[in-house]
1. Look through segment 17-33, keep the residues that are without any contact (Cβ under 8 Å) to a residue 40 or more places away in the chain and not in a strand (DSSP E or B), and return whichever of them is nearest to His76 (Cα to Cα).
2. Among the listed residues Val61, Val92, identify the single one that is more than 20 Å from the chain's Cα centre (by Cα) and free of Cβ contacts under 8 Å to residues at least 60 places away in the same chain.
3. Does Gly170 fit the bill of being over 30 Å from Glu63 (Cα atoms), among the small types (Gly, Ala, Ser) and at pLDDT below 90?
4. Can you name the residue in segment 40-59 that is part of a strand (DSSP E or B) and at positive phi and is also modelled with the highest pLDDT among such residues?
5. Given the structure, is Asn75 assigned by TED's automatic domain parsing to the domain that holds Gln23, touching a His at 6+ places or on another chain (Cβ under 7 Å), in contact (Cβ under 8 Å) with a residue 24 or more places away in the chain and within 28 Å of Ile22 (Cα to Cα)?
6. Taking into account only those residues within segment 150-197 that are among the aliphatic types (A, V, I, L, M) and in contact with a Gly (Cβ under 9 Å, 6 or more places away or on another chain), which is nearest to Arg131 (Cα to Cα)?
7. State whether one or more residues within segment 92-105 are in the same structural domain as Tyr38 (by TED's automatic domain parsing) and of a type in the set (Ser, Thr, Tyr).
Amino acid sequence: MEQWKILKKPDVTFKVSNEGRIQVFDERKQEFKMVEIYSYTGGHEDNRYLSTHGHYVHRLVAEAWIGSVDGMEVNHKNPRKLYNYASNLEIVTPQENQQHSWKEGLRDHQKLSEHERHQREQRKDMKRMNRQWLVLDLDFNTLSKHDSQEDAAVSIKVSRQTANKAFRLGTPIKKQYYICRLAQVETLKERIFSKSS
């Protein structure tokens, strides 16, 4: 159900609907009039914001129905800039707004080349791989991969603390296993070889 709240600005008084419609107070007639014509400004090409009387509609709705927008940005939860329902808006930091726009693919004007997209995917894959915990044999062959150190330790029937201690000391677990992350394999090898020399 559509509801209205009055929002006073220094230059004009608005009546703001939770469905994104705006009325402006007419000083001469002493009544509110529905805004029928909006300007399309800001944003980026093909995805402009509605504005009236020098104010963005989405910011008016957020301020009236959610809270103060001073120093903050108003994000459209779905990427449609003309859908200014209060339920579709949220007050966020500039960083959160940027993250949302990247996630939703709204940075099309900053398209990445195929090479850059490929590099990003490779970096993501490497991060994912580096988060995995490996159970290795004494020749550093991978026996199994796990999402956590605890899962890796359980797979060879030891505690996480035992796995930690063995890694720090560079000693095998049960004289036959090592547990570490992929990125830690070289560090583990160095510890073991420095101990033996």
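The values are calculated or read from the model by the stated rules, or taken from the named source; none is laboratory data. Owing to the predicted nature of the structure, the values given are computational and were not obtained by experimental measurement. Virtual Cβ from ideal backbone geometry, glycine too; neighbours counted across all protein chains shown.
1. Taking segment 17-33 as the starting set, the residues that turn out to be without any contact (Cβ under 8 Å) to a residue 40 or more places away in the chain are 21-33.
Right, trim to not in a strand (DSSP E or B) and you get 21, 27-30.
Details: Arg21: 16, Glu27: 32, Arg28: 35, Lys29: 34, Gln30: 33 Å.
Out of the qualifying residues, it is Arg21.
2. Step by step, each of Val61, Val92 is checked, and only Val61 is more than 20 Å from the chain's Cα centre (by Cα) and free of Cβ contacts under 8 Å to residues at least 60 places away in the same chain.
3. Working: over 30 Å from Glu63 (Cα atoms): yes; among the small types (Gly, Ala, Ser): yes; at pLDDT below 90: yes.
Taking the combined requirement at face value, the residue satisfies it.
4. Here is the first cut: in segment 40-59, the residues part of a strand (DSSP E or B) are 40-44, 47-52, 55-56.
Right, trim to at positive phi and you get 42-43.
Numbers: Gly42: 65, Gly43: 59.
Within segment 40-59, the match that is modelled with the highest pLDDT is Gly42.
5. Details: assigned by TED's automatic domain parsing to the domain that holds Gln23: yes; touching a His at 6+ places or on another chain (Cβ under 7 Å): yes; in contact (Cβ under 8 Å) with a residue 24 or more places away in the chain: yes; within 28 Å of Ile22 (Cα to Cα): yes.
Answer is yes for this residue.
6. Taking the candidates together, the pick is Leu188.
7. Narrowing segment 92-105 to residues in the same structural domain as Tyr38 (by TED's automatic domain parsing): 92-105.
In the following step, the residues that additionally are of a type in the set (Ser, Thr, Tyr) were identified as 93, 101.
Yes, because at least one residue in segment 92-105 is in the same structural domain as Tyr38 (by TED's automatic domain parsing) and of a type in the set (Ser, Thr, Tyr).
Every residue, every condition in (1) closer than 30 Å to Leu182 by Cβ; (2) modelled with pLDDT of 90 or more, yes or no:
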| residue | (1), (2) |
| --- | --- |
| Lys9 | no, yes |
| Tyr38 | no, no |
| Gly71 | no, yes |
| Ala86 | no, yes |
| Asp108 | no, no |
| Arg123 | yes, no |
